[in-house]
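The values are calculated or read from the model by the stated rules, or taken from the named source; none is laboratory data. Small disclaimer: the values here were computed from a predicted structure and weren't measured. Note that each Cβ is placed from the backbone with ideal geometry, even for glycine, and that neighbours are counted across all protein chains shown. Note: accessible area is taken over every heavy atom of the protein model, side chains too, but ligands, DNA and RNA are not part of it. Shrake-Rupley method; radii C 1.70, N 1.55, O 1.52, S 1.80 Å.
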Amino acid sequence: MDLTWSPEDLEFRDEVRAFLDENLTEDLRRAGRLMTSVYADHEASMAWQAILHERGWAAPAWPVEHGGCDWTLTQHYIFSRESTLAGAPALSPMGIRMVAHAIIAFGTAEQKDYFLPRILTGEVFFCQGYSEPESGSDLASLSMAAADDGDHLVCTGSKIWTTHAMEANWIFALVRTTRSDKKQHGITFVLIDMTSPGIEIRPLVMTSGEEIQTQIFFDGVRVPKSNVIGRIDDGWTVAKYLLEFERGGGASAPGLQVMAESIARNAGDLLDDPAFAAKLADVRIRTDVLEILEHRMLSTVAAGGNPGAASSMLKILSTELSQAITELAMEAAGPHGRAYQPHAARPGGPVADYLPPPDGYVSGEPWQAMAPLRYFNDRAGSIYAGSNEIQRNILAKATLGL
């Protein structure tokens, strides 16, 4: 790949910078810079999505005919990196980066016409219904039942670790429509209106204290069969395709580079410690390697392909690298990084049973106050979207033929 920036690329970079300077308010920048996980403050995220949609940049990786951008690989990278450097809040990936690709690839014309424009505007906000109390990384063992009842499926069961279910008005879910000896058979991919009777949502308190994930209970929820994506009993095909985008469909390197550079700027005398300096150099090198691998992924997607097994590789590299960086941030933060002060940040959801000090006092610098929150959130990185152990099994089978 030729990654040299052309005059046209530099012109595009300047266009992006001008757009960000003009449209990113100080509140939006704070929401982006003070994120404690991969999810930004919900209101700030939706406000930024509206601004991007007006410009036509909300879903640049979509096909142009559905609202995407006819950008080169380098332009995708420039937009991602400049947005990160400017402190733009992240958009929720569930709709734009995930289910939209399944709808584009497997949906009917009616489903595309209804959902895609509304995902862009934020009128339809999705959460994901995959994991169950007894089915996590072994997703094919899921048991939430969807009984055939004429024109409807009647769904009963529960989903867990569902992010932003309290904010979502739709959920894309995998349900069990048929039981057979092969557990991958008989799974159906369906879109469910969250206002349907029979749905109960209970928030889960994470290690960081945030209530971003939930458990959802479905009691006889009626779902029109017209909401099935793909074919009944063949949802595993849709899910595998979609997981490739969840596991490696975005650009993680720019954000990780910014985090590593922040540590380098703020570590002070620790940089004179050979052991710490070596660990910092290691993660900075790994972010550069990850960047090149993500360039290859974007090139594949831009050419009309899907990520394939490479998404598993990127999922492993990006999440384990992020964990290494947040560990270094905790080390650099020192005693100030041991205080629990979520009021110094902009978490992606409510914080349970926490009263900030009346005067808003924060111990240390903002990056030090953020360190423990990001550290705790990142512990889940090697588990969500299929644990990294599962990803290594996928690579061993698909790439090495083991």
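Computed values, structure above
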| item | result |
| --- | --- |
| From LEU153, LEU139, residue being over 18 Å from ASP219 (Cα atoms) and either open to solvent by 10 Å² or more (accessible area, probe 1.4 Å) or modelled with pLDDT of 95 or more (or both) | LEU139 |
| Verdict on ALA173 being at pLDDT below 95 and buried (at least 23 other Cβ atoms within 10 Å of the Cβ) | no |
| Selected residue (only one of PRO93, PRO63 is farther than 22 Å from LEU290 by Cβ, out of contact with any Leu (no Cβ under 6 Å at 6 or more places or on another chain) and not polar (S, T, N, Q)) | PRO63 |
| Residue satisfying all of: in the stretch 258-286; under 15 Å from ALA329 (Cβ atoms) and among the β-branched types (Val, Ile, Thr); surrounded by the fewest Cβ atoms within 10 Å (Cβ to Cβ) among these | VAL258 |
| Residue selected from the stretch 31-62 under the condition open to solvent by 40 Å² or more (accessible area, probe 1.4 Å) and outside any helix (DSSP H, G or I), by the criterion nearest to ALA369 (Cα to Cα) | VAL38 |
| Per-region count, the stretch 1-24, residues modelled with pLDDT of 95 or more, within 14 Å of PHE79 (Cα to Cα) and either among the acidic types (Asp, Glu) or in contact with a Ser or Thr (Cβ under 7 Å, 6 or more places away or on another chain) (or both) | 5 |
| Evaluation of SER363 against (1) buried (at least 21 other Cβ atoms within 10 Å of the Cβ); (2) more than 28 Å from HIS164 (Cα to Cα) (one fails), failing number | (1) |
| Test: residue in the stretch 180-195 that is among the β-branched types (Val, Ile, Thr), closer than 20 Å to HIS101 by Cβ, in contact (Cβ under 8 Å) with a residue 60 or more places away in the chain and touching a helix residue (DSSP H, G or I) at 6+ places or on another chain (Cβ under 6 Å) | no |
| Residue in the stretch 7-25 that is surrounded by the fewest Cβ atoms within 10 Å (Cβ to Cβ), counting only those that are among the hydrophobic types (A, V, I, L, M, F, W, C) and without any contact (Cβ under 8 Å) to a residue 24 or more places away in the chain | ALA18 |
| Any hit, the stretch 122-130, residues being acidic (Asp, Glu), at negative phi and either part of a helix (DSSP H, G or I) or touching a residue at least 24 places away in the same chain (Cβ under 8 Å) (or both) | no |
| Unique match (being within 18 Å of ALA18 (Cα to Cα), open to solvent by less than 20 Å² (accessible area, probe 1.4 Å) and not in a loop (DSSP other than H, G, I, E, B)) among LEU28, LEU85 | LEU28 |
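This table checks each residue for (1) outside any loop (DSSP other than H, G, I, E, B); (2) of a type in the set (Ser, Thr, Tyr); (3) farther than 23 Å from ALA385 by Cβ.
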| residue | (1), (2), (3) |
| --- | --- |
| SER196 | no, yes, yes |
| PHE218 | yes, no, no |
| SER226 | yes, yes, yes |
| PRO254 | yes, no, no |
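A quick yes/no check of all residues on (1) out of contact with any Phe, Trp or Tyr (no Cβ under 6 Å at 6 or more places or on another chain); (2) crowded, with 21+ Cβ neighbours inside 10 Å; (3) modelled with pLDDT of 90 or more; (4) over 26 Å from ILE160 (Cα atoms):
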position	(1), (2), (3), (4)
GLN323	yes, no, yes, no
ALA329	yes, yes, yes, yes
ALA333	yes, yes, yes, yes
PRO358	yes, no, yes, yes
ASN377	yes, yes, no, no
GLY386	yes, yes, no, no
ALA398	yes, no, no, yes
